[in-house]
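Working notes for the structure below.
The values are calculated or read from the model by the stated rules, or taken from the named source; none is laboratory data. Everything quoted here is computed from the prediction, not taken from an experiment. Cβ atoms come from the backbone with ideal geometry, glycine included; neighbour counts cover every protein chain shown. Ligands, DNA and RNA are stripped out before the accessible areas are found, and what is left, the full protein with its side chains, is counted by its heavy atoms. Shrake-Rupley method; radii C 1.70, N 1.55, O 1.52, S 1.80 Å.
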Amino acid sequence: MPGKALHAIFLLSCLLYSVPGNALPLSTNNRWIVDAKTGERVKLHCVNWPSHVGAMLAEGLHKKPLDYILSQVVNNQFNCVRFTWATYMFTRPEMGNLKVQQSFDMLNLSDAKEGVAKNNPSLLNKTLLEAFDTIVDAMGQKGLLVLLDNHVSMPIWCCSDNDGNGFFGDTYFEAQEWINSLITVAQRYKGKSQVIGIGTRNEMRGPQQNETLWYKYITEAANKIHEVNPDVLVVASGLNYATDLSFLKAKPLGFNLNNKLVLEAHSYAWSTGDGNSWLNQPLNEVCAQKIQLIDGKFGFLNNGENAVPIFIGEFGLNQQNVSSLEDYYLSCLLAYITEKDLDWGLWGLQGDYYFRDNKTYHEETFGLLDVNWNLLRNPKLQERLRLVKTELQVPSTNSSSSYVIYHPQTGSCVQTNDKNEFYASECGNFSRWTHDKDDSPIKLVGVNLCLQVTGEGLAPILSTTCSGPQSTWRSVSSSKLHLAAKNQNGEDLCLELDSSNPTKIVTNKCICVAGDPNCKENPTSQWFKLASVNVN
């Protein structure tokens, strides 16, 4: 019996996270990325894997075999890789035609060369371009989708305002050479169905950035890619480190490449406004402000008749030692991603780098894998990401809309069982709820039961009484992440995950919901998002 149960769970995971065999090529339908043939949604939940830094080889191949690394991606339910590359590798033969071992020798990376010889010996005598091809092919064999991202021109670590790679006219960023590289890549990987998209350029930035040249060259590059390889999505990001596409409000691009255009944005704790505000201002206010900024900078593109897909191509945090600041930021962002059911890419896969910032074997604390490329650096983070790896919304469906109640600080969902017990658990098979509007009941789908407050510090219950203040719920904070109903004394009590028992949900006095600028308590235990679901 346990074996059958595990098998069933495995099959369910495959259904939730896998991409159907007929899902390629991809296209767009308003705000969605879809199967070009059937119109069915394909949600991208990706991990970034750098191959653009000094050695120009995908990081980590000195530590583990390629198949092992890709198995880690698949086993952790990522369905695609945002795979980075440097312009010069495709435009300058003296770089692209270097053998892998020569590239390591030029950087005096003898230990890394020995590691590749041990773990991936077939790559050592290949050119860098051939090695890149081999890795792309291996990802396809694993069933992974590949987004090829032009990260830099000169193969160095990214990013700063003055690294010469930031914008057209910078030392290493010549527009025509860049366009030529995109054409080359589009042609080289034409017919490789796993290559579902080409990212035009990562994080444009610096003192020379301007909207006029952005429009000029992004338009030219996007059309060239589409002309050469009409199957791939063309992914374009904005200015200020891919955080700002607000200029498209006044002047839209005016084309969608026959439904192949995707816009990309990045989000980190420091991306919008003062990152320290997470620590020195009320968290509900900060989260509300950050989401307002996100909507104003790029989120608006996901709405309306002329919407386009928004791909959050990078977000992440220091997984080695998650700070309070980053924990608060991630809870807020995950609530937003879940509400919108966005496509996204986590930075990053890598446990370390061969060579970064003039340092060999530089550890990447933002990496999914540890420095040995062996274990997850932070398994709890993967628990928090489980729901955002699940397809919640689709373009059209006969299924009625409902909600999942998601707790972004832990990644758990509000669940019930056949005994009508109420608890928090992983989101693999979540309970569904309805909630028409503020001051209406939260009902469990399929049964005539509603969520009801029983008292402060006590677990709410499922009740047949669906009217009255104890059974009607509303959002009560600026973050819109507090769900409250009134107790018998007319006081608001908010849903809260019990700090002493991660499966127990209680109701308590709401934390920092009144807009008091001096309230510095941490309310994230009470942050719950009603995220819309319309899939069967």
Selection count where residues are free of Cβ contacts under 8 Å to residues at least 60 places away in the same chain and outside any helix (DSSP H, G or I), scope the stretch 115-163: 9
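Yes or no, residue by residue, for (1) of a type in the set (Ser, Thr, Tyr); (2) in contact with a Pro (Cβ under 6 Å, 6 or more places away or on another chain):
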{"position": "Ser402", "(1), (2)": "yes, no"}
{"position": "Gln415", "(1), (2)": "no, no"}
{"position": "Phe430", "(1), (2)": "no, no"}
{"position": "Leu458", "(1), (2)": "no, no"}
{"position": "Thr464", "(1), (2)": "yes, no"}
{"position": "Ser467", "(1), (2)": "yes, no"}
{"position": "Lys486", "(1), (2)": "no, yes"}
{"position": "Asn489", "(1), (2)": "no, no"}
Filtering the stretch 226-253 down to residues that are surrounded by fewer than 18 Cβ atoms within 10 Å (Cβ to Cβ) and either at pLDDT below 95 or in contact with an Asp or Glu (Cβ under 6 Å, 6 or more places away or on another chain) (or both) yields Phe247
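Could you list, in sequence order, all residues of the stretch 519-536 that are of a type outside the set (Val, Ile, Thr), closer than 24 Å to Ser277 by Cα and touching a residue at least 24 places away in the same chain (Cβ under 8 Å)? Give the steps one after another, and end with the answer.
First, the residues of the stretch 519-536 that are of a type outside the set (Val, Ile, Thr): 519-523, 525-532, 534, 536.
Restricting the remaining residues to those that are closer than 24 Å to Ser277 by Cα gives 519-523, 525-529.
Within the stretch 519-536, Cys519, Lys520, Asn522, Pro523, Ser525, Gln526, Trp527, Phe528, Lys529 meet the criteria.
Here are some residues: Leu385, Leu349, Leu334. Which one is touching a Leu at 6+ places or on another chain (Cβ under 8 Å), more than 16 Å from Gln72 (Cα to Cα) and open to solvent by less than 10 Å² (accessible area, probe 1.4 Å)? Explain how you work it out, then say what you get.
Values: Leu385 fails: more than 16 Å from Gln72 (Cα to Cα); Leu349 fails: more than 16 Å from Gln72 (Cα to Cα).
Matching residue, one of Leu385, Leu349, Leu334: Leu334.
Taking into account only those residues within the stretch 23-58 that are among the hydroxyl-bearing types (Ser, Thr, Tyr) and part of a loop (DSSP other than H, G, I, E, B), which is least open to solvent (accessible area, probe 1.4 Å)?
Here is the first cut: in the stretch 23-58, the ones among the hydroxyl-bearing types (Ser, Thr, Tyr) are 27-28, 38, 51.
Next, only the ones that are part of a loop (DSSP other than H, G, I, E, B) stay: 38, 51.
On the way: Thr38: 70, Ser51: 3 Å².
Result: Ser51.
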Give the residue that is nearest to Tyr353 (Cα to Cα), with candidates limited to residues of the stretch 106-126 that are open to solvent by 20 Å² or more (accessible area, probe 1.4 Å) and in contact with a helix residue (DSSP H, G or I) (Cβ under 7 Å, 6 or more places away or on another chain). Lys113
Any pair with Cβ under 7 angstrom, 6 or more apart, that starts in the stretch 189-212 at a residue that is of a type in the set (A, V, I, L, M) and ends at one that is open to solvent by 20 Å² or more (accessible area, probe 1.4 Å) and part of a loop (DSSP other than H, G, I, E, B): Ile196/Leu24; Ile196/Pro25
